[in-house]
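Working notes for the structure below.
The values are calculated or read from the model by the stated rules, or taken from the named source; none is laboratory data. Every value quoted in this text rests on a predicted model; they were computed, and no experiment measured them. A quick note on method: Cβ atoms are made from the backbone with ideal geometry, for glycine too, and the neighbour counts reach across all protein chains shown. To get the accessible areas, we keep the full protein, side chains included, count just its heavy atoms, and leave off ligands, DNA and RNA. Shrake-Rupley method; radii C 1.70, N 1.55, O 1.52, S 1.80 Å.
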Amino acid sequence: MKLSIRTKLLAALGLDLALMLILGSFALNQMSAMNEEATFVAAQTIPSIDTVNTINDILLSYRNLQVEYIINVASADKLRIEGEMHHLEEDMAKAFITYDHFQLDENERATFEQTRAGWEQFVTATHTQFIPSNRDSNTGNVHPSFSRLAPLYDNLLSHVRQIKQQSQQRATTALGRVRAAYDASRLVILSETTLTIVVSAVIGLTLSSNIARRIRKLRDATMAIAGGDLNQTVALRGSDELQLLANNFNLMVASLRQQHLLLAQRNTELSESLETQRKLMSDLVQRKQAEEAADRARATAEAASQAKSMFLATMSHELRTPLNAILGYVQLLHLEAQIRGNTDMLPDLERIRSAGKHLLTIISNILDFSKIEQGKMNLEIDTFEISSVANEVIGIFSPLAHSRGIDLTLICPPEIGLMRSDAGKVRQVLFNLLSNAVKFTERGHITLTISHEYHSGKAWIFFSVADTGIGINPEQMGRLFQAFSQVHHNTFHHYGGTGLGLALSRQLCQMLGGDITVESETGKGSVFSVCLPADIGTVQATRQTHVLHTNGNLPRHIPGSVPSLTPGEETAVVASPTSMTQRDA
Amino acid sequence: MATILVADDFHENRDVLCRMLRLVGHSTISAANGQEALDMAQEHRPDLILMDLSMPIVDGWKATAILKTTSDLRHIPIIAVTGHVTPDEINRAISAGCADYLAKPVDFERLLGKVASLLGDTQRPPFLSS
């Protein structure tokens, strides 16, 4: 069935209605037929019977008056009876008129005409024969004329009876039709009512059981799905609302199934993600632990570094105490030898003193490093004359250089002027450089050149120490400014030193906002160039908190702050070297 | 010449300093710790004190502080003699009341210069002029 339930229900209702209508119209029809028959009986049959009876009565009365007419002898009675007869004739005429107006069939009309003709013949015979012959007779005997009327009267009476019979017959027929109509309509109404009930019941039962069966399927399916069986589908035939419901239900189940699959997939992804997250978390924890371990290691290293610095400071102090005695006794011996004239002792005493001084320098350098490491190296900024610092340092090394046959020259333009920095540190750096130069140059020249240049809008002072020593090869150059790094051990044995001087000098230069660089060629000599801001205030603030890395590596340059040194910028430099010395601190 | 008290817990250092000072004509007395230094100062009223800072019993900083709060001794100038040459340590000595300081190892000429300047004696010994 390709019809909707609504349509089916409406169709069933329509069918019932149609049956009802047919039933009703048929009943109405039967009723009206019955009504018609009844009306006919009421309007025609009954009055016509009454009229026939009247005619019969008038006829009987008329005959009786004829008898009285004979019997009564008095003329007055005869006249009264004649009058009464006349009245009856008029009544009869009225009855005939009445009857003539009824709807009559052919037989009835023929009988009626015979009756009327028979009556007129009878009345005529009465007036022409009976009354004249009996008006004057008063014998009281039956006049033969009365007997002569008898055949007319009998004929007439038989006609009246016939009419009466016909009217009776007609009424009976009409009533029979009414009864028949009643019977027929009762039968039809009963059968049609039964049919309607049966049809309605069949349709209702069929529809309801069909719908119930399909709804049961749906119910079973929903219960199955509620129980978790998502593979359930409902197969309903037809294209009604239930089928649409089933289709939608199947779609819903399909969607649910898809959602369920999706959910399961999501669930898998989620658990994978959780697993990843857990791994990440454990990685994080491990990393965190590693970081903590690194922190602990760093703290330990810092503590160790601190301990080292403390140790160096303490050692520096502890070493100075016996050194104080050694150098003090040497000075005393020196004085006593001078006073007593024991001049042959003087060179040895001088060697002891020199070695002691060297030891002191080493101790001082160690202490300076520990100060820098601890951030305790303070700058004492002041304005000073560059030439006086240079002259002072040259003055210290002149006797030694002279005694070794080396030319020590200072090239300093007279207009070089003032500098604002830490004079002590500048002096220390120049001292270190010249000390190295003197220590490692056996012959030739040492020149300290000072110049004044502008770079990046700032004034810079260049100190350049050039010697004719043996120079430094490129491999050694990389480690030159590293603390505690001798260029090689032989050098240490030849010339002494801890490898601290250059590293310390670079630290000091960087603290002063500048840097130190070296250019050298093995066998030809070296040029150490120090570049410092003329006014430390124009560069960045002091770097007293700068801390050495534990491996002693120092930055080669402070990017953008210190001008690079090129050979062209050296104004007075390397004299022709003959014998070169390796450089060290 | 003056009487100078040399306080140092290291015997050789006391000896060297005393002999240097006696070379130029001063008379010296010595103490091996801060407490001794306080006692000697009280007893001998020296003109000058050379005070080592790291000493047992009573250290140099404390002895200096005590001397500077003792009314009849506070006028005596004190020179700190120390192996601690960091600015912190020097400041500590100066703020304790030392008039000057000498870093170990002590240079003979520098010692005599500082002593002479605190005693108001600018004359240099004749043998040093060479």
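Some notes on this structure:
- For the range A:429-442, the criterion of being away from chain B (no Cβ under 14 Å), outside any loop (DSSP other than H, G, I, E, B) and surrounded by fewer than 19 Cβ atoms within 10 Å (Cβ to Cβ) is met by at least one residue.
- Residue A:172 of a type in the set (S, T, N, Q), in a helix (DSSP H, G or I) and outside the structural domain of residue A:33 (by TED's automatic domain parsing): no
- Selected residue (criterion: nearest to the chain's Cα centre (by Cα)) from residues of the range B:66-100 that are farther than 17 Å from residue B:7 by Cβ and within 14 Å of chain A (Cβ to nearest Cβ): B:90
- Residue-level analysis places residue A:358 outside the set of residues that are within 13 Å of chain B (Cβ to nearest Cβ), within 22 Å of residue B:8 (Cβ to Cβ), open to solvent by 20 Å² or more (accessible area, probe 1.4 Å) and not polar (S, T, N, Q).
- Flag for residue A:381 being of a type in the set (Val, Ile, Thr) and farther than 26 Å from residue A:538 by Cα: no
- Filtered residues of the range B:30-65 (kept if more than 14 Å from chain A (Cβ to nearest Cβ) and charged (D, E, K, R)): B:36, B:39, B:43, B:45, B:47, B:62
- Residue satisfying condition, being more than 18 Å from residue A:60 (Cβ to Cβ) and of a type outside the set (Asp, Glu), within set A:102, A:122: A:102
- Lone qualifier among B:57, B:4, B:76 - being touching a residue at least 24 places away in the same chain (Cβ under 8 Å), at positive phi and in contact with a helix residue (DSSP H, G or I) (Cβ under 9 Å, 6 or more places away or on another chain): B:57
- Scanning the range A:82-112 for residues that are open to solvent by 70 Å² or more (accessible area, probe 1.4 Å), closer than 14 Å to residue A:47 by Cβ and free of Cβ contacts under 8 Å to residues at least 24 places away in the same chain turns up A:94, A:97, A:101.
- Among the residues listed as A:185, A:200, A:167, A:191, the single one being in a helix (DSSP H, G or I) and surrounded by fewer than 13 Cβ atoms within 10 Å (Cβ to Cβ): A:191
- Count of residues meeting criterion [surrounded by fewer than 12 Cβ atoms within 10 Å (Cβ to Cβ) and among the β-branched types (Val, Ile, Thr)] in the range A:142-154: 0
- Residue A:157 meets the conditions (1) farther than 30 Å from residue A:235 by Cβ; (2) open to solvent by 90 Å² or more (accessible area, probe 1.4 Å); (3) not small (Gly, Ala, Ser) in every case but one. The failed one is (2).
Each row is one residue, and each column tells you yes or no for (1) more than 14 Å from chain B (Cβ to nearest Cβ); (2) farther than 30 Å from residue A:232 by Cβ; (3) surrounded by 11 or more Cβ atoms within 10 Å (Cβ to Cβ).
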site	(1), (2), (3)
A:259	yes, no, yes
A:263	yes, no, yes
A:304	yes, yes, yes
A:325	no, yes, yes
A:332	no, yes, yes
A:337	no, yes, yes
